[in-house]
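These notes concern the structure reproduced below.
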Amino acid sequence: MQNLVPYACLFITALLVCVLSTPLARKIALWCDAVDYPSARRINRTPVPRMGGIAIFLGIVAAFVVQYLGTTFAGWPVVLVPSPKLEVNYWTLVLAFLVVFFTGLLDDRYSLSPRAKLFGQALGAVVAVAGGLVIGDISNPFQAGEFLQLGWLAYPVTVVYLVAYTNIINLIDGLDGLAAGISAIASLTMFVLSVWAGRLDAAALAIAVSGASIGFLNYNFHPASVFMGDSGALTLGFALGVVSLLSVTRVAGLTTIIVPLVIAAVPIIDTFSAIVRRMRGHVSIGHADRGHIHHRLIDEGYDQRQAVLLMYGWTALLCLGSLVMTQVETMPRIVIFLTLLLVSLAVVRHLHLFRPVLLHRLDPATGSDEFLTPSDDGFEQAAEELRRSRHHRGARS
């Protein structure tokens, strides 16, 4: 129990600092007009400031100031100890966090282009990799004692992994409290896994993220008075990606690689289905639509709180399953994984997540581009034309 006291202090610090600094973040957002105004794609019906990520970031920073003071003056265990196989430079990791946070902050204020935002995320990931945060060797699941050595590929693979993790929280941030709640559940799960694995650095970051996320929910749960914006969503996503890597940057088993993906399965499914849905509708992958999981739940008749709580429950089920998976033998582990997969596929099927909600075509009358939604006349006809064209292409090939 005594070993958990430092983590409790980190959690409470991150929570309290986030609670106390969120009103300041809200004032800053209003001052610089970083505000989400109502639109056809957004759920909110009133303007809401969107720089809550400032408070989340300050909460995480404050937690690590307390960690430093506790280690220096109170005899707390040193957590910034790299894994046995890697030399992680934590100051470089701090720089990577700053790059990602300020990329989100600039986007909240100036609405960066997708390319500029992706560049900032990639730069942050590259800095983290340069600091030693790299996926290590992976145990060969088909041959005991053998390892899959990525070699130089470990560097680009880690960058892609971090950028992907950074984006999944951002892409699911569509309802009041959704991204913060899912981040809290995921980070608490990663905290437990990190403690079990003896990775104190990952555990400290995970518990700080959970404290900041829960503190922010005080203002962000429906009806939200402030949104976290990209400054918060990108920071949380990047932090979760870093935690997952700090936990596995030794010789990683296949299960160790899969578990972080199971924990984040809900936003991963939402992102993947959005890509497929837009490709099927001949719409740019970067073009926003109202086909995300939370949109589908709202269309099913749930209100914002009910939809968010359902997604919390789905995430909690996956996280609980991931915890159990790490504690059982191979066959029960496979059964648990397949059960979680089937449950998730049933939800995907019920919500029709892969069905396009936006079609792009040429207007036959004017020859100009147009976008159609299911409420528009001609949507079903356009959808049928797309199905026929794909069928003919398939027959020719």
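Remarks
- Ile275 of a type outside the set (D, E, K, R), assigned to a helix (DSSP H, G or I) and surrounded by fewer than 20 Cβ atoms within 10 Å (Cβ to Cβ): yes
- The C-beta contact set for segment 91-104 (first residue in a helix (DSSP H, G or I), second residue basic (Lys, Arg) and at pLDDT below 95, distance under 8 angstrom, 6+ apart or interchain) comprises Thr103/Lys117.
- Answer residue from segment 60-96, given it is in contact with a Ser or Thr (Cβ under 7 Å, 6 or more places away or on another chain) and at pLDDT 90 or above and is farthest from Ala14 (Cα to Cα) among those: Val66
- Unique match (being small (Gly, Ala, Ser), assigned by TED's automatic domain parsing to the domain that holds Ala8 and either under 15 Å from the mean Cα position of the chain (by Cα) or within 17 Å of Val242 (Cβ to Cβ) (or both)) among Gly198, Gly181: Gly181
- Segment 150-191, residues that are in contact (Cβ under 8 Å) with a residue 60 or more places away in the chain and assigned to a loop (DSSP other than H, G, I, E, B): Asp173, Gly174, Leu175, Asp176, Gly177
- In this structure, Leu234 qualifies as within 14 Å of the chain's Cα centre (by Cα) and either modelled with pLDDT under 95 or not aromatic (Phe, Trp, Tyr) (or both).
- Some residue of segment 200-214 being over 25 Å from Asn89 (Cα atoms) and modelled with pLDDT of 90 or more: yes
- When segment 265-292 is filtered for residues that are more than 13 Å from Pro356 (Cα to Cα) and among the β-branched types (Val, Ile, Thr), the ones remaining, listed by number, are Val266, Ile268, Ile269, Thr271.
- Residue in segment 243-252 that is modelled with pLDDT of 90 or more, under 15 Å from Gly53 (Cα atoms) and in a helix (DSSP H, G or I) present: no
- For segment 264-308, the tally of residues that are among the aliphatic types (A, V, I, L, M) and touching a Lys or Arg at 6+ places or on another chain (Cβ under 7 Å) stands at 2.
- Flag for His294 being surrounded by 19 or more Cβ atoms within 10 Å (Cβ to Cβ) and either assigned by TED's automatic domain parsing to the domain that holds Trp196 or not aromatic (Phe, Trp, Tyr) (or both): yes
- His352 vs. criteria on the phi > 0 side of the Ramachandran plot and in contact with a strand residue (DSSP E or B) (Cβ under 7 Å, 6 or more places away or on another chain): no
- Criterion violated by Val226 - all others in (1) outside any helix (DSSP H, G or I); (2) modelled with pLDDT under 85; (3) closer than 24 Å to Arg50 by Cα satisfied: (2)
- Qualifying residue in segment 312-325 (condition: more than 18 Å from Ile182 (Cα to Cα), out of contact with any Phe, Trp or Tyr (no Cβ under 9 Å at 6 or more places or on another chain) and assigned to a helix (DSSP H, G or I)): yes
- Filter result for Ser194 (assigned to a helix (DSSP H, G or I), more than 24 Å from Lys117 (Cβ to Cβ), touching a residue at least 12 places away in the same chain (Cβ under 8 Å) and not aliphatic (A, V, I, L, M)): yes
- Single residue of Val209, Val243 found to be in contact with a helix residue (DSSP H, G or I) (Cβ under 6 Å, 6 or more places away or on another chain), farther than 25 Å from Ala25 by Cα and buried (at least 24 other Cβ atoms within 10 Å of the Cβ): Val243
- Qualifying residue in segment 291-301 (condition: outside any helix (DSSP H, G or I) and free of Cβ contacts under 8 Å to residues at least 12 places away in the same chain): yes
The values are calculated or read from the model by the stated rules, or taken from the named source; none is laboratory data. Keep in mind it's a predicted model, so treat the numbers as computed, not measured. Neighbour counts run over all protein chains shown; Cβ positions are idealised from the backbone, glycine included.
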